[in-house]
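Undergrad: Provided herewith is a single structure, encoded as structure tokens, for subsequent inquiry.
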Amino acid sequence: MSLKIRIDDSAPPYEQVRAQISEQARSGSLPVGYRLPTVRGLAESLGLAVNTVAKAYRALEGDGVIETRGRNGTFVAAAGSAAERVASSAAQAYAERVRRLGLGEDEALAAVRDALRAAYGE
């Protein structure tokens, strides 16, 4: 794993760490199951605060890119399946919410299409 933090970059260091690990995991440079350095170890090697790396790891875990297995360490997750589980859970929560609000299926789908267009810049 190779990470480069640029102090003159407009992105904060935790975001640089998050983006680089995410890109390397998605490209296959970091294969599924690859054991990442500890938060403390990575922080030391990059010259960053431990909390900065911890914040990046939390964001990556929330995105389903990595998974922490307790004392066994932190590993690159099976991105597709983890991302699909998170998306499925979010979709289920949305479906339940719009039903409680009394929206019909067509209205709910229109809201999703609008949100997706906005998110993907279409």
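Undergrad: Looking at region 15-24, can you tell me whether even one residue there is over 30 Å from Ser2 (Cα atoms) and surrounded by 12 or more Cβ atoms within 10 Å (Cβ to Cβ)? Show your work before the answer.
TA: Of all residues in region 15-24, those over 30 Å from Ser2 (Cα atoms) come to none.
Scanning region 15-24, I find no residue that is over 30 Å from Ser2 (Cα atoms) and surrounded by 12 or more Cβ atoms within 10 Å (Cβ to Cβ), so the answer is no.
Undergrad: Could I ask something else about it? Confirm whether Ala11 is without any contact (Cβ under 8 Å) to a residue 24 or more places away in the chain and either within 17 Å of the chain's Cα centre (by Cα) or open to solvent by 80 Å² or more (accessible area, probe 1.4 Å) (or both). Break it down into steps so the answer makes sense when it comes.
TA: Numbers: without any contact (Cβ under 8 Å) to a residue 24 or more places away in the chain: yes; either within 17 Å of the chain's Cα centre (by Cα) or open to solvent by 80 Å² or more (accessible area, probe 1.4 Å) (or both): yes.
So Ala11 passes the test.
Undergrad: For region 22-51, give me each residue that is at pLDDT below 95 and β-branched (Val, Ile, Thr).
TA: Hit for region 22-51 is Val32, nothing else.
Undergrad: In region 35-66, what count of residues is obtained for those that are surrounded by fewer than 15 Cβ atoms within 10 Å (Cβ to Cβ) and either in contact (Cβ under 8 Å) with a residue 40 or more places away in the chain or closer than 22 Å to Ala87 by Cβ (or both)? So that I can check it myself, show each step before the final result.
TA: So the first thing to find is which residues in region 35-66 are surrounded by fewer than 15 Cβ atoms within 10 Å (Cβ to Cβ), and the list is 35, 38, 40-41, 44-45, 47, 49-51, 62.
Subsequent filtering for residues that are either in contact (Cβ under 8 Å) with a residue 40 or more places away in the chain or closer than 22 Å to Ala87 by Cβ (or both) retains 35, 47, 62.
Count: 3.
Undergrad: Is there a residue in region 98-118 that is open to solvent by 70 Å² or more (accessible area, probe 1.4 Å) and β-branched (Val, Ile, Thr)?
TA: No; the residues of region 98-118 include none that is open to solvent by 70 Å² or more (accessible area, probe 1.4 Å) and β-branched (Val, Ile, Thr).
The values are calculated or read from the model by the stated rules, or taken from the named source; none is laboratory data. Everything numeric here is computed off the predicted structure, so don't read it as measured data. Every residue, glycine among them, receives a Cβ derived from its backbone with ideal geometry; neighbour counts consider all protein chains shown. When the accessible area is computed, the model is the full protein with side chains, heavy atoms only, and any ligands, DNA or RNA have been set aside. Shrake-Rupley method; radii C 1.70, N 1.55, O 1.52, S 1.80 Å.
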